[in-house]
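Novice: My structure is below; once you've seen it, I'll send some questions.
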Amino acid sequence: MKIRLSEEELKQLNAFLDSCPDAERLSAREAVLDLYDIERPIALNFVFVKGGIGVDGAAELLYSEEEQGYYMGDRIEDPDQVRAALREAGALPQA
């Protein structure tokens, strides 16, 4: 899925990736990001494309008390849900 982002949004997302301990840049264009500190945590794998990001994978992160850790839940296919999660985390400006 592709999520269109303005220059301001791209700038804030890049700054967030540089400061977030749960983000990793795999290359100059690709990153993985786990958003644990939001109401419904998610994991993202995306690439920067012209005019936004292309999300290669997005999934809910569910917590297991028994395992004391997170695991991947259902796949997320709604770009609005991904955008909302990025906003909630502070990776994108609030609307």
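The values are calculated or read from the model by the stated rules, or taken from the named source; none is laboratory data. In this text, all values refer to a predicted model and were calculated from it rather than measured experimentally. Cβ atoms come from the backbone with ideal geometry, glycine included; neighbour counts cover every protein chain shown. Note: areas computed on protein heavy atoms with side chains; ligands, DNA, RNA excluded. Shrake-Rupley method; radii C 1.70, N 1.55, O 1.52, S 1.80 Å.
Novice: Name the residue that is farthest from GLU60 (Cα to Cα), counting only residues in the stretch 1-12 that are assigned to a strand (DSSP E or B) and open to solvent by 60 Å² or more (accessible area, probe 1.4 Å).
Specialist: Going through the qualifying residues, I end up with ARG4.
Novice: Please tell me if ILE53 is touching a helix residue (DSSP H, G or I) at 6+ places or on another chain (Cβ under 6 Å) and crowded, with 16+ Cβ neighbours inside 10 Å.
Specialist: no
Novice: Considering only the stretch 37-95, state which residues are over 14 Å from the mean Cα position of the chain (by Cα) and not in a strand (DSSP E or B).
Specialist: LYS50, GLY51, GLU65, GLU66, GLU67, GLN68, GLN94, ALA95
Novice: Scan the stretch 13-32 for residues that are over 19 Å from GLN94 (Cα atoms) and either assigned to a loop (DSSP other than H, G, I, E, B) or touching a residue at least 40 places away in the same chain (Cβ under 8 Å) (or both) and report the count.
Specialist: Residues in the stretch 13-32 being over 19 Å from GLN94 (Cα atoms) and either assigned to a loop (DSSP other than H, G, I, E, B) or touching a residue at least 40 places away in the same chain (Cβ under 8 Å) (or both): 6 in total.
Novice: Looking at this structure, is GLU39 loosely packed, with under 12 Cβ neighbours inside 10 Å and at pLDDT 95 or above?
Specialist: yes
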